[in-house]
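**Student:** My questions all concern the structure below.
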Amino acid sequence: MRRRTLLLAPLLAAAAPAAERILTLGGAVTETVFALGCADRLVGTDLTSRYPPVAATLPKTGYLRALGAEGVLSLRPSLILASADAGPPAALRQIAAAGVRIVTLEETHGPGPALDRIAAIAAALHRDATPLLNQLRADLAQLRADIAATKKHPRVLFLLSAGRGAPLAAGAETAADGMIHLAGARNAITTRTYRPISAEAVLLAAPDIIVTADDTLAGTGGIDGLLALPGMAPTPAGRARRVAAFDALYLLGFGPRLAYALRDLASVVHSNARLRPLPAAGASAG
Amino acid sequence: MTTPAILPASRVVFTPKTLLFAALGALFLLALLLEILLGPVAIAPGRLLHLLLGAPADATESAVLWQIRLPRALMAVAVGAALGMSGAAQQGLFRNQLADPALIGVSAGAALAAVTGIVLFAPLQAVLPIPPSLLIPVLAFGGGLAATFVALRLAGTDTAGLLLAGIAVNAACGAATGLLITLSDDRQLRDITFWTMGSLAAGGWAGGGIALLACLIAAVMILPTAPALDALLLGEREAGWLGVRVDRLRLRVVVATALAVGAAVAAAGIIGFVGLVVPHLLRLLGSPRHGLVLPGSALLGAALLLLADTLARGIASPAELPVGLVTSALGAPFFIVLLWRGRLA
């Protein structure tokens, strides 16, 4: 990553009106602004923007679905890059009424839309995203070839907790579902969105591996706690104790780190696959 | 504070009642001023006057004043007054200081309808000819009125029956809401959580205006019932001997509070504490007479909600707190102090 940024530096310095005050809403959007080298113009972010770590030091507008219009305006942004989740709509209308340009970015569960989103953010910032996009395309193509060579499609159960209570299982139309398919695996759940899952449904799903978020794993009390949830222990994943956890934003963000996240997921899903390393992987995985 | 003994006997200009109203009025105006003056975006008081007079100005400042603070002030006044006055009237009607507008099912019915709207947003939007931003408020208002109507039909002819009917409606609505929550996905769940914590942000001029209209209609219906509610303190039969038509009084109070609270909940979601505790504060400050408690609760409810909203916008900036949290955080210690002093006296 460092090498690439150095190559980009002369290009980046040339473009864009310097006076733009940017507010980002959504973790992947914030990451992209950093990756495009525009972090110095950020005046604030939301609570889901936790990467890179320095993003945590910016003023926070709270949870992105419960924005306060006046609080956002007090940061005096001129451009808001908002993921489609941002709201409530009334607050966005009030912010727009103050003359702030709001660019809404669609949620993405696939590589194509993820590349489009990076391009859209670059366009809003008057930056050239070509080097970043080309690198991402090349990384994804290499991974796709390696993953296709494994010829196996393990069943993955993805769990995510929403506050208290048992974790929810990721069904179709989720970012987790998109990542599972990209990694050459099958989602063990076929219902839509994130739903609570009963013990019997877990048994029926018969996952070969359980993937979850770091926060969720900590909340359930580690691997032992997770496998102690109803129905987990007798599944193939439970018997082999195959549980993997990732940072939720890293794995599900579909941002500039998509290729690294996909390689990490594929390497735990296909335990004996041969995945070539990505260029400069070490510099950016942290 | 309750004894007029310290007043000079010779020329009593201010009765305790007018003093109390003057104090409440002053508190209300102060709260209104703070709501308009204070916030994360600093606007100097001098500039405020310019903005109010429509002078050309900075886009941010004028949007903050005209699109955010003034509509929110209107919402706070309408919702706070509606909840305070309705709570006072319900407590009088049920002769129970623990009564609040939720008792006859308004809030539970509105919550069920709102949660239905959140969970089944897409299919409902396809069926109902309502703009998306109005879907939840319209459903909530209808749900509140429907639940009250069911409670009234179940109630029969006595107040205890109405109480039981309210409990039944609350339980049924709660069960259905719980069922919908288990069907909801994670995003809908978060929307439901925020709705139940209340917010004055979404209503805007239209929501505030409609809530104020409903509140004024309810005030016209409720305020003249003060003498009848006073008589009811003696007991239902005793009030009947004094010439109070208790069944008509009950219908009138229930319909008026359902209207006011239904509109308030539709515009702002669930805001606790105001309806239950503001009438108590009034009784602790003054007398139990409804001529004082009913309008006083409206004024104090509005003032409390204005102050709560000022804090909700300000203390966590640039994030914002749900106003329902702040009303409880603000009101509870004050209430505890008053109870404590009352016990010592």
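Derivation of every value follows stated rules applied to the coordinates shown; laboratory data play no part. Every value quoted in this text rests on a predicted model; they were computed, and no experiment measured them. Cβ coordinates were reconstructed from backbone atoms using ideal geometry, including for glycine residues, and neighbour counts include every protein chain displayed.
**Student:** In the neighborhood of B:LEU285, defined by Cβ-to-Cβ distances under 12 Å, what is the net charge if each Lys or Arg adds +1 and each Asp or Glu adds -1?
**Tutor:** +3
**Student:** Just to check, using Stokes-Einstein with a Kirkwood Rh over alpha carbon pairs, what's the diffusion coefficient of the stretch A:16-128 at 10 °C and 1.306 mPa s in µm²/s?
**Tutor:** 115
**Student:** Going by C-beta contacts inside 10 Å, put B:MET75, B:MET221 in order with the fewest on the left.
**Tutor:** B:MET221, B:MET75
**Student:** Moving on. How many partner chain Cβ atoms sit within 10 Å of a residue's Cβ in peptide B:310-322, on average, as a whole number?
**Tutor:** Counting Cβ atoms of other protein chains within 10 Å of each residue's Cβ and averaging gives 5.
**Student:** Shifting gears a bit: Determine, for A:THR30, A:THR130, the number of other Cβ atoms within 10 Å of each Cβ, and report the residues in order from fewest to most.
**Tutor:** Listing A:THR30, A:THR130 from fewest to most nearby Cβ atoms yields A:THR130, A:THR30.
**Student:** If the viscosity is 0.890 mPa s and the temperature 25 °C, what Stokes-Einstein diffusion coefficient in µm²/s follows for chain A when Rh is the Kirkwood radius over Cα pairs?
**Tutor:** Taking Rh from Cα pairs, D becomes 123 µm²/s.
**Student:** So if the hydrodynamic radius of the protein assembly as shown is defined as the Kirkwood radius over C-alpha pairs, what does Stokes-Einstein give as its diffusion coefficient at 20 °C and 1.002 mPa s, in µm² per second?
**Tutor:** 78
**Student:** Over the stretch A:202-286, what portion of Cα pair distances is larger than 15 Å, expressed as a whole percent?
**Tutor:** 62
**Student:** Another question, then. Say we join alpha carbon atoms closer than 10 Å with springs in a Gaussian network model of chain B; which of B:LEU251, B:LEU300, B:LEU139 then has the biggest fluctuation?
**Tutor:** B:LEU251
**Student:** Same structure again: Which three extents, in whole angstrom, do the alpha-carbon atoms of the stretch B:250-345 cover along their principal axes, largest first?
**Tutor:** 44, 39, 15
**Student:** Under the definition of partner shielding as Cβ atoms of other protein chains within 10 Å of a residue Cβ, what is the mean value for peptide A:192-198?
**Tutor:** Per residue, the average neighbour count from other chains is 3.
**Student:** Which helices, taking whole DSSP H runs in chain A, have alpha carbons extending 18 angstrom or more along the helix axis plus mean Kyte-Doolittle at least -1.0?
**Tutor:** For chain A, where a helix must reach 18 Å along its axis and average at least -1.0, the hits are A:2-14, A:111-124, A:130-148.
**Student:** Right, here's the next one. What number results when the radius of gyration of the stretch B:51-98, computed over Cα atoms, is divided by 2.2 N^0.38 Å?
**Tutor:** 1.87
**Student:** Let me ask you something else. Give me the net charge for the shell around A:TYR63: Cβ to Cβ below 9 angstrom, other residues only, Lys and Arg +1, Asp and Glu -1.
**Tutor:** +1
**Student:** Quick one: order B:VAL255, B:VAL169 by neighbouring beta-carbon count within 10 Å, fewest to most.
**Tutor:** By the 10 Å Cβ count, ascending: B:VAL255, B:VAL169.
**Student:** Counting helices only, and only those DSSP H runs with n ≥ 4, report the 222 nm mean residue ellipticity of the protein assembly as shown as the sum of -39,500 (n - 2.57) divided by its residues, in deg cm²/dmol to the nearest 500.
**Tutor:** -19000 deg cm²/dmol
**Student:** Using a Gaussian network for chain A with springs between C-alpha atoms less than 10 Å apart, which of these wobbles most: A:ILE118, A:ILE223, A:ILE210?
**Tutor:** A:ILE223
**Student:** Two decimals, Cα atoms only, Kirkwood Rh: what is Rg/Rh over chain B?
**Tutor:** 0.99
**Student:** Shifting gears a bit: At a threshold of 8 angstrom on Cα-Cα distance, excluding pairs fewer than six apart, so keeping six or more, what relative contact order does chain B reach in percent?
**Tutor:** 31 percent.
**Student:** Count charges around A:GLY110 for me, please; just the other residues with Cβ under 13 Å from its Cβ, Lys/Arg as +1, Asp/Glu as -1.
**Tutor:** Spelling it out: positives minus negatives among the neighbours equals -3.
**Student:** Still on this model: What does the average come to when, for each residue of peptide A:61-68, you count the partner chain Cβ atoms lying within 10 Å of its Cβ?
**Tutor:** 6
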